[in-house]
Amino acid sequence: MIEIAPSILSANFARLADDANAAIRGGARVLHVDVMDGHFVPNLTVGPPVVASLRKAVDIPQDCHLMIENPDEYIPAFVDAGASWISVHQEACRHLNRTLELIRSHGARVRVAINPATPVQTLGEVLDLVDHVLVMTVNPGFGGQRFIPGTLEKIRKLATMRTAKGLNFRIEIDGGVSLETVGASVRAGAEILVAGSHVFGRGDPGRNVEALQRAAEEALLQRA
Ligand code: DX5
Ligand code: ZN
């Protein structure tokens, strides 16, 4: 099953709940929340208070993408605020195994993210600990960037590793997802597609989610 995860980074922060609910009316079942600290990535965004407010205003799970240094220090606060899925970057975790176990121990779904320059093989020893792997298809930090085509090969490699190891984590991509890139991504093996500017940067968010979902499902038929 394919899921579109709208990223609120490109929403209007003055009417976040309205934008999020518009995307939900189009079929979104998870909301992607980009957390940036100005150190791991050169940008700043939101923290647990925004997650807590959104939790009261929307009915779907929040997927917190932590693009921050020292994520262990903040994981409990994000889960307490209402994050149901947490992803941390392999590049930000000195003790990745410990961090993934920490997320699990707080009851959230465990995800690990990798930047475009990070080989998928660096996750070989933790794939059995995660529910999802998030392949960044742009360099993290900003919305509206161009999809990096070389990342498609990483998606294919991950799918092969999953079969070889008999695991069932899901493969998620983030960055540059649009009607132009969704087909190749799904055919390569992407199952959860994070989209920011393509959902919130143009027209009605609900219709944009629907269009992406349709394009992804057509590509899925081609893959099968
Ligand atoms: C970038 C963020 C993305 C961002 C994607 O660092 O992780 O989630 O919102 O934005 P688009 O879809 O515009 O590339
Ligand atoms: Zn993200």
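Calculate, for ARG187 and ARG98, the FRET efficiency according to 1/(1 + (r/R0)^6) with r their C-beta to C-beta distance and R0 25 Å; round to the nearest 0.05. List each step's numbers first, then the result.
On the way: r = 36 Å, r/R0 = 1.42.
E between ARG187 and ARG98, to the nearest 0.05, is 0.10.
Work out, step by step, the length gained on full extension between ASN139 and ARG207: first 0.36 nm times the residue separation, then minus their alpha carbon distance; give nm to one decimal.
On the way: separation 68, 0.36 × 68 = 24.48 nm, distance 2.69 nm.
Extra length available between ASN139 and ARG207 comes to 21.8 nm.
If you average over every viewing direction, what projected area does the convex hull of the Cα atoms of region 22-139 give, in nm²?
On the way: hull surface 29.6 nm².
Taking the Cα atoms of region 22-139, their convex hull projects to 7.4 nm² on average.
Here the label points at ARG55 and ARG223, each 7 Å from Cα along the C-beta direction, are separated by 3.2 nm in the simple model. Relative to its residue count, region 168-224 spans a Cα convex hull of 74 Å³ per residue.
Panel note: the C-alpha atoms of region 8-51, placed on their principal axes, show extents of 35, 20, 17 Å (largest first).
Rounded to the nearest whole Å², what accessible area per residue is found for the chain with the 1.4 Å probe? Don't skip to the answer; put the middle values down first.
On the way: 9830 Å² over 224 residues.
Dividing the accessible area of the chain by its residue count gives 44 Å².
Within the accessible area of the chain, the carbon and sulfur atoms contribute 49%, probe 1.4 Å, all protein chains present. For the chain, the extents of the C-alpha atoms along the principal axes are 42, 42, 29 Å, listed from largest to smallest.
The fraction of all Cα pairs in region 112-204 landing in successive 10 Å bins from 0 to the largest distance is 17, 52, 25, 6, 0, given as whole percents. Compactness ratio for region 79-132: Cα radius of gyration over 2.2 N^0.38 Å (N = residue count) comes to 1.09.
Each label point was placed 7 Å from the Cα along the Cα-to-Cβ direction; for ASN70 and ARG15 their separation is 3.9 nm.
The values are calculated or read from the model by the stated rules, or taken from the named source; none is laboratory data. The structure displayed is predicted, hence computed values, not measured ones. Quick reminder, even Gly has a Cβ in these numbers, built from the backbone with ideal geometry, and neighbours come from all protein chains shown. Each accessible area value is taken on the protein alone, full model and side chains, heavy atoms only, with ligands, DNA and RNA left out. Shrake-Rupley method; radii C 1.70, N 1.55, O 1.52, S 1.80 Å.
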